[in-house]
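Chemist: Questions regarding the structure given below will be posed in turn.
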Amino acid sequence: MNDVTGLSALASAAANGAQGGHEALIRVLWPNAYRIAWSILSDRGAAEDAAQGACAAICAKLPTLANPAAFVPWAYRIIVSHARDHARSRNRLRLRETLGYEEATARVTRDDPSERLDLEAAIGRLPEGLRLALELHYFVGLTSSEIGIALGVPAATVRFRLMMARRRLRPLLSDSTVSTASSATPEIIS
Amino acid sequence: MNDDARLISAALDRRFSRAGLPECPDGAWHASTTEPSRIARPSSVPRKFAYAAALVAGVAAAGLAAQASGTVKIGNLPFWSHVSSKPLTRIIHAADQLTIAEAQRRMPFTIVEPKGLPATTRLLYAHVVSESPVHRVALRYEAHIGSKYYDITFNEATKAVGPPVAHFKLMNVATHVTKTWTAPLRRWKQNGVVMEMHAWGLPAALSDHIVHENTL
């Protein structure tokens, strides 16, 4: 899990004109900004471009942010928007094949050495909405409300997407042969 | 964190490790701005005037170059042909350039030779423009006054053609798209012949003098 708790404090310092505040803020934000952009664009060069553009926009718009405590979802909203704009403009948004229900419910065992690769590949095959919700929650550590702000959807939609993502990944997460129906209960977060 | 969350986080770690992580670019992030740069122009003259001036200069240069190369002869231009710094160009075929005596043989009325022309005037040619039903002849003179050559043309006919004369106003009237005529500077009737004087560019005093000499 990445630590982003200090981002709000860094943003507040940068907004107040602290010496080197912007540079310190971007240095902390950069890795996840690049990763989220890469997740959307599937292209390292394009992700770097989009992340740089997003970081520049964050620095430029920082004085307009009224509440520094809301910096994290606000910043990820800018990152996601820049990456999507980049994908749209370069026509690089590739259609990803959605993992089918039958494939997702296929029985695998957790002891299988190929299981980890399968889980990683299955995450990559998730639709963008589900995958971004999963990444922002489990990797960046945002709550459903913050993810909702970042993706521009209600928090309830984020929770639903997380549930759908887990349901699709369930066969790769369970200890053994667990049916989809028995694990359909969504996990409530935040 | 439960097992599922740990597994997902681990998978995401592996997934993002494949993406690599470029160095955070060094830069003056504090100087980032989304406002467009506004640079004061060095001159207060609006750009459109500069474009217009450049266009006019280009057209003038092209015109002078065309005239100097002989592509465009100023004497051939309809509205500029009345005054020139060079001897006037004979704009009709040599076979149609007649003397007054030759034209007289084809006219049913007596051609009137205008009086009161400047001393440096010479006849270029007489041109029988039309014969029947309206007979008309044009006498084209060239007056060399100062450093300029003036075109003085007299149309003589048995019947007035065209609109009434608008004094001192050049008018080019189009009829049926392609047929045009230029209103004369002066028109009068002398010995039963309608005379029209085309002498655009000639000083008004000289024009008045010619009309006066022929009508009084």
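Chemist: Give the separation of the Cα centroids, the range B:141-157 to the range A:15-53, in Å.
Modeler: Using only Cα atoms, the two centres lie 83 Å from each other.
Chemist: Please report A:Cys59, B:Cys24 as a ranked list, fewest other C-beta atoms within 10 angstrom at the top and most at the bottom.
Modeler: Values: A:Cys59 26, B:Cys24 19.
In order of increasing Cβ crowding within 10 Å: B:Cys24, A:Cys59.
Chemist: Calculated FRET efficiency, A:Ala156 and A:Ser42, Cβ-Cβ r, R0 35 Å, to nearest 0.05?
Modeler: On the way: r = 28 Å, r/R0 = 0.81.
Efficiency computed from Cβ-Cβ geometry: 0.80.
Chemist: So if we plug the beta-carbon distance of B:Ala62 and B:Ile111 into 1/(1 + (r/R0)^6) with R0 = 51 Å, what FRET efficiency do we get, rounded to 0.05?
Modeler: Values: r = 43 Å, r/R0 = 0.84.
Given R0 = 51 Å and the Cβ-Cβ separation, E is 0.75.
Chemist: Turning to a different aspect of this structure: Under the 0.36 nm per residue contour assumption, what length would be gained going from the current alpha-carbon distance of B:Lys48 and B:Arg18 to full extension?
Modeler: Between B:Lys48 and B:Arg18, full extension yields an extra 5.3 nm.
Chemist: Can you sort B:Trp200, B:Trp188 from fewest to most other Cβ atoms within 10 Å of each residue's own Cβ?
Modeler: Numbers: B:Trp200 20, B:Trp188 14.
Ascending Cβ contact count within 10 Å gives the list B:Trp188, B:Trp200.
Computed from the coordinates by the stated procedures, all read-outs in this text should not be read as laboratory data. Just so we're clear, the structure is a prediction, and the values are computed from it rather than from any experiment. Positions of Cβ are generated from backbone atoms using ideal geometry, with glycine treated the same way; all protein chains shown enter the neighbour counts.
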